[in-house]
1. Just the residues that are under 20 Å from the mean Cα position of the chain (by Cα) and within 18 Å of Glu165 (Cα to Cα), please, taken from the stretch 257-287.
2. Give the residue that is surrounded by the fewest Cβ atoms within 10 Å (Cβ to Cβ), with candidates limited to residues of the stretch 105-128 that are under 20 Å from the mean Cα position of the chain (by Cα) and of a type in the set (A, V, I, L, M).
3. Scan the stretch 213-234 and report the pairs whose first residue is under 11 Å from Val197 (Cα atoms) and whose second residue is of a type in the set (Gly, Ala, Ser) and in a helix (DSSP H, G or I), with Cβ atoms within less than 7 Å and a gap of 6+ or a chain change.
4. Out of all the residues in the stretch 343-365, is one or more surrounded by fewer than 23 Cβ atoms within 10 Å (Cβ to Cβ), over 14 Å from the mean Cα position of the chain (by Cα), under 30 Å from Val51 (Cα atoms) and in the same structural domain as Val104 (by TED's automatic domain parsing)?
5. Can you spot a residue in the stretch 138-160 that is touching a helix residue (DSSP H, G or I) at 6+ places or on another chain (Cβ under 9 Å), buried (at least 16 other Cβ atoms within 10 Å of the Cβ), in a helix (DSSP H, G or I) and not assigned by TED's automatic domain parsing to the domain that holds Asp256?
6. Test each condition in (1) more than 18 Å from Val129 (Cα to Cα); (2) at pLDDT 95 or above; (3) in contact with a strand residue (DSSP E or B) (Cβ under 8 Å, 6 or more places away or on another chain) for Thr261 and report the one that comes out false.
7. Which of the residues that make up the stretch 299-336 are over 18 Å from the mean Cα position of the chain (by Cα) and closer than 23 Å to Val129 by Cα?
8. Could you tell me which of the residues Ala192, Ala168 is in contact with a Gly (Cβ under 7 Å, 6 or more places away or on another chain) and within 23 Å of Ile324 (Cβ to Cβ)?
Amino acid sequence: MGPNLKKLQTHRTTTAAGTAMAALLALSACGGTDESNGEDSASGGNDAPLVLSTFPFGVEEFQEAVVDPFTEMTGIDVEIDTGANADRLSALQLAGGEDPGVDVVLISDYFAAMGQEEGLFQELDPELVPNLEEIADFAVDDSYYGPAYSYQLYGTIYSTEELSENEAADWELWGEDGYSGRLALPDIAPTAGQLMVSGVADTYGSGPYDVDTAYEVLGDWAPGILQFYSSSTEVVNLLVQGEIVAAGSLSGFAVDLEEGTAWTAPDEGRYMATNHAMIAEGSENVEAAHQFIDYLLSVEAQASSAELVSDLPVNLQADIPENIDAVVGTIAEDPIEAGYQTLDPSELVDTRGEWVDRFAREVVSQ
């Protein structure tokens, strides 16, 4: 994050009284009424609704879990705009920081970092987001202007009839001749792909950015991989239909899998992706945007989002619902303690194009 939130990260011992006072000041600044003109200052004197840009899946559930309660609590109407990470970032690039048409953008870490580097997002004021004090340290990363509000774990979904958990957790599975043609791994394009590459690089090479080693190993495995997939829905169907015995996958896609399938974390090389709440540069509803992000990080919103959307909560005080617990178990209590790491966006943004091209040549084409 920028200087303001980086400073916050190094001073996370604020007293309860100080936090309460910050919350009171934030509510007075963001939710009060300007008696001189009769306008509600929640949106900075702007009557337009808060426009939220988010992912295209689980929208109705997210509305029920977070958006509707926020509107009920604050009186701020929210319009939802959806799309893939790349498409929504392209729209912001076309706007160039002027009249972006959205206020809050919920977006995955790599795209958040890329947009930030291009000046498409603005820094949060931590005094207007007191719940920043309540979330996990990894969610307040000084590389981003906005906090993480959820995260995704990379691991393996597998057939429990074909594999044991120990077999599924071993990276060596992907090179096993006995399962040749019955395995799937993500392409580097989706979020799971970079996490996979970094897991292989860390396990077999010098660290998560050692793509030379990662691509050599993956290239050796490639002939036995049925598919390097881009669609998680497609690969889950392959597993359910028995065409594959295992696939590298984010934990979120394993929630509510059919009986006979499960997800496990790898033995080593554990990496996770974070989804961030960013304020668009040029937003006309900056104060309301801060209010929304603050609510999104609250225990209530985090617990409800976990229950209805299956988002892993960054507020570690939020209850973990049974369907998530059945997939990831105690990892959700503290993913860092469980050995998961986030990736440094500064190592990825400038190299992304080259790594995508090399993946196609050195891995997929083998």
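The values are calculated or read from the model by the stated rules, or taken from the named source; none is laboratory data. Source: prediction; values computed, not measured. Cβ placement follows ideal geometry from the backbone for every residue including glycine, while neighbour counts extend to all protein chains displayed.
1. To start, the set of residues in the stretch 257-287 that are under 20 Å from the mean Cα position of the chain (by Cα) comprises 263-266, 269-280.
Within the stretch 257-287, Trp263, Thr264, Ala265, Pro266, Gly269, Arg270 meet the criteria.
2. Among residues in the stretch 105-128 that are under 20 Å from the mean Cα position of the chain (by Cα) and of a type in the set (A, V, I, L, M), the one surrounded by the fewest Cβ atoms within 10 Å (Cβ to Cβ) is Met114.
3. Here the result reads Thr213/Ala201; Ala214/Ala201, each pair linking the stretch 213-234 to a residue that is of a type in the set (Gly, Ala, Ser) and in a helix (DSSP H, G or I).
4. No: the stretch 343-365 contains no residue that is surrounded by fewer than 23 Cβ atoms within 10 Å (Cβ to Cβ), over 14 Å from the mean Cα position of the chain (by Cα), under 30 Å from Val51 (Cα atoms) and in the same structural domain as Val104 (by TED's automatic domain parsing).
5. Checking the stretch 138-160: at least one residue is touching a helix residue (DSSP H, G or I) at 6+ places or on another chain (Cβ under 9 Å), buried (at least 16 other Cβ atoms within 10 Å of the Cβ), in a helix (DSSP H, G or I) and not assigned by TED's automatic domain parsing to the domain that holds Asp256.
6. (2)
7. Within the stretch 299-336, Glu300, Gln317, Asp319 qualify.
8. Working: Ala168 fails: in contact with a Gly (Cβ under 7 Å, 6 or more places away or on another chain).
None of the others qualify; the one that does is Ala192.
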